[in-house]
Amino acid sequence: MKRIGILTSGGDAPGMNAAIRSATRAALYHGLSVVGICRGYQGLIEGDMFEMTSRSVGDIIQRAGTMLRSARSPEFTTSEGQKKAVWHLEARGVEGLIVIGGDGTLKGAKALSDLGIPTVGIPATVDNDIAYTDYALGFDTAANTAVDAITKIRDTASSHGRNNVIEVMGRDAGHLALAAGLAGGAEYILIPEKPFDIQKICDGIQKGYARGKTHSIIVVAEGVGGYSGPDESRYDSVGFIIGQEVRERTGLETRVTVLGYIQRGGTPTRQDRLLGTMFGSKAVEALIQGDTGKIVGISGEEFRMFDICEVVATRKPINEELYRVATLLSEM
């Protein structure tokens with residue numbers, strides 16, 4: 001193998017630039033040339049590529065987002081779009097591909113692998129919903145950002161005696177809400193994987209007030225489903241639905257904060273920089289060794305390769321011990 005390509009796709013995540021930097025410099029160290037593919041799969045099927053050098057990735061390890069940029073590509077989901085992608089890779093002499101992103105991105109990597117392109121995936125999503133790996137790039141930074149927001153909101157909540165509903169990212173996974181909520185001391189954490197009783201939550205809040213408690217924090221994953229407030233069409237997010245229900249059922253002042261894309265920004269934490277650096281280097285080594293059709297992941301303290309077919313076909317379970325402790329503390 002003499003030439004590889006690198007692309008990022010889907011939602012950006014802190015640590016992506018660290019992985020790009022590491023993969024580029026590791027490849028150059030091993031005598032490979034590197035092609036940067038801009039705007040993910042959309043850029044790939046349009047041939048939007050450039051030659052990367054060590055200078056191309058200077059001073060990016062501390063930056064969030066992705067210097068290769070990202071874009072959605074409905075065309076790539078079609079067989080015709082995928083054939084275009086393969087054609088452009090072959091035309092540029094790209095013999096191996098490193099793909100950085102979340103679940104949808106890794107499904108695209110599997111498609112290219114099935115078409116004969118040696119591919120290695122790097123998990124990168126603040127949702128942390130990629131199976132087999134303990135952590136994906138961006139999760140630690142996003143969780144710390146959410147914890148910081150929860151802490152600041154608690155300051156004003158306690159000053160004014162308000163309930164606060166804080167909506168965090170997570171789509172259909174509650175890993176971020178659970179980690180941030182537990183670390184931030186939230187009284188209640190609502191996630192897609194677990195059913196909840198809104199009346200029980202409201203009863204608990206009122207009992208707390210009866211004991212002299214002046215405020216409560218409820219952390220809600222954006223993907224919490226199966227719940228409809230009195231007029232769901234009025235709101236853009238489940239956080240506002242929950243907030244209105246708490247306000248109406250308890251009669252207590254309740255404010256709602258949707259953290260949104262703020263969780264994707266900010267300088268990556270030490271953990272995300274280290275993970276990105278190690279993931280990038282390991283991905284290059286895997287390509288050189290022919291260990292492709294896989295993703296790089298971390299299990300405990302060990303970096304491992306996992307079959308991409310199994311990864312994209314498996315739903316990552318919630319940490320039941322974290323949830324047990326969160327539930328226990330919410331009842332006090």
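In the set Ala143, Ala173, Ala179, only one residue is within 15 Å of Ile218 (Cα to Cα) and either over 18 Å from the mean Cα position of the chain (by Cα) or not assigned by TED's automatic domain parsing to the domain that holds Pro14 (or both); that residue is Ala179. Under the condition of being in a helix (DSSP H, G or I) and farther than 18 Å from Gly96 by Cα, the residues counted in segment 276-308 number 3.
For segment 144-172, give me each residue that is part of a helix (DSSP H, G or I) and within 12 Å of Val258 (Cα to Cα).
The first filter runs over segment 144-172 and keeps only residues part of a helix (DSSP H, G or I), leaving 144-160.
Once the filter is applied, which keeps residues that are part of a helix (DSSP H, G or I) and within 12 Å of Val258 (Cα to Cα), segment 144-172 yields Ala146, Ala149, Ile150, Ile153.
Here segment 35-83 is the region considered, the condition is being without any contact (Cβ under 8 Å) to a residue 40 or more places away in the chain, over 20 Å from Leu106 (Cβ atoms) and among the polar types (S, T, N, Q), and the residue that is surrounded by the most Cβ atoms within 10 Å (Cβ to Cβ) is Ser56.
So which residues in segment 183-218 are part of a loop (DSSP other than H, G, I, E, B) and of a type in the set (A, V, I, L, M, F, W, C), if there are any at all?
Initially, segment 183-218 is screened for residues part of a loop (DSSP other than H, G, I, E, B), giving 184-187, 191-197, 211-215.
Correct list: Ala186, Ile191, Phe196.
When each of Glu253, Glu302 is tested for being surrounded by fewer than 18 Cβ atoms within 10 Å (Cβ to Cβ) and either closer than 20 Å to Ala111 by Cβ or free of Cβ contacts under 8 Å to residues at least 60 places away in the same chain (or both), the lone residue that passes is Glu302. Close contacts from segment 5-28, counting a first residue that is part of a helix (DSSP H, G or I) and a second that is surrounded by fewer than 24 Cβ atoms within 10 Å (Cβ to Cβ) and of a type in the set (Asp, Glu), with Cβ to Cβ under 9 Å and a gap of 6+ residues or different chains, come to Ala26/Glu285.
Can you name every residue in segment 84-99 that is touching a residue at least 60 places away in the same chain (Cβ under 8 Å) and part of a helix (DSSP H, G or I)? Working first, answer last.
Here is the first cut: in segment 84-99, the ones touching a residue at least 60 places away in the same chain (Cβ under 8 Å) are 89, 92-99.
Once the filter is applied, which keeps residues that are touching a residue at least 60 places away in the same chain (Cβ under 8 Å) and part of a helix (DSSP H, G or I), segment 84-99 yields only Leu89.
The values are calculated or read from the model by the stated rules, or taken from the named source; none is laboratory data. The structure presented is a predicted model; accordingly, all values stated were derived computationally and were not measured. Because the Cβ atoms are built from the backbone with ideal geometry, glycine has one as well, and the counts that use them run over all protein chains shown.
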